[in-house]
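Coordinate-derived values only; no laboratory data. Every value quoted in this text rests on a predicted model; they were computed, and no experiment measured them. In this analysis, Cβ positions are derived from the backbone assuming ideal geometry, glycine residues included, and neighbour counts consider all displayed protein chains.
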Amino acid sequence: MLLHLNQVLSPAEVSRARECLCDEALWMDGSSTAGAQAMTQKNNRQLAQDSEVSRTLQAMVLQAMQRDPLFFSAVLPKRILPPLFNRYGGERNAYGPHVDGAVLRATSAGEWLRTDVSCTVFLSDPAEYDGGELQVQDTYGNRGVKLAAGDAVIYPGTSVHQVTPVTRGERLASFFWIESMVRSDEQRRILFDLDMNLLRLREQLGETPETTALTGVYHNLLRQWAQT
Ligand code: NI
């Protein structure tokens, strides 16, 4: 499931992030954190993870995600890897087709997390750059995503994806992975559809014996499928 989340970061948070990210000295070659296949495709820059700026912005992005009820319903997060920040432009402007590692850890001594869901939060407005589209291959073909600053997209960690070359301007974004309580993308989709439609039914009808029963179905499915 590919899902667009509107205005996860407020305009004030986007400006704050962008101010923090304008220090050139904080950026390093992105290929240092890529696996063997991805490294051949990756040509961008990434924020140094051990910096104060990185820690401040990681906390800001994680807090923002946790405010978003759609994020919780669609992802059912169990553990979240610390957000990373990347930058595409100039000579370092693209990330060709690749798959993310199935299991990753935040630090060399850290715990392994399974990357069920990927999330990208856009920090540059689409008018500021040409190209730089996130393309995700899913069962319906190639989907192109280029969102307003502050918006986010989540997509399955299983998909081949790429960022097309930025030919004008710069594209700043944050990205991170989530291990979900529900490993299967299909099962997460069923739970999300049920949850969203229950929400709408409650808006239309209030609480009825049927909405109560269907809420029970939701929780019983989650109980079957969740690993906590
Ligand atoms: Ni990737």
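Over segment 185-225, all Cα pairs binned in 5 Å intervals from 0 give whole-percent P(r) values of 6, 24, 32, 22, 12, 5, listed from short to long. Semi-axis lengths, largest first, of the ellipsoid equivalent to the chain are 32, 19, 17 Å, with √(5λ) applied to each eigenvalue of the Cα gyration tensor.
Computed over the alpha-carbon atoms, segment 56-174 gives an Rg to Rh ratio of 0.95, Rh here being the Kirkwood radius from the mean inverse distance. Helix 52-67 axis versus longest C-alpha principal axis of the chain: approximately 20°, rounded to the nearest ten. By how many degrees, 0 to 90 and rounded to 10, does the Cα axis of helix 11-20 deviate from the longest principal axis of the chain? Its long axis makes an angle of about 30 degrees. If you fit an axis through the alpha-carbon atoms of helix 185-205 and take the longest principal axis of the Cα set of the chain, what angle between them do you get, 0 to 90°, nearest 10? So the helix axis and the longest Cα principal axis differ by about 60 degrees. Scanning the chain for GluC sites (Glu not before Pro) that sit in a DSSP loop and have at most 13 other Cβ atoms within 10 Å, the longest stretch containing none of them is 112-206.
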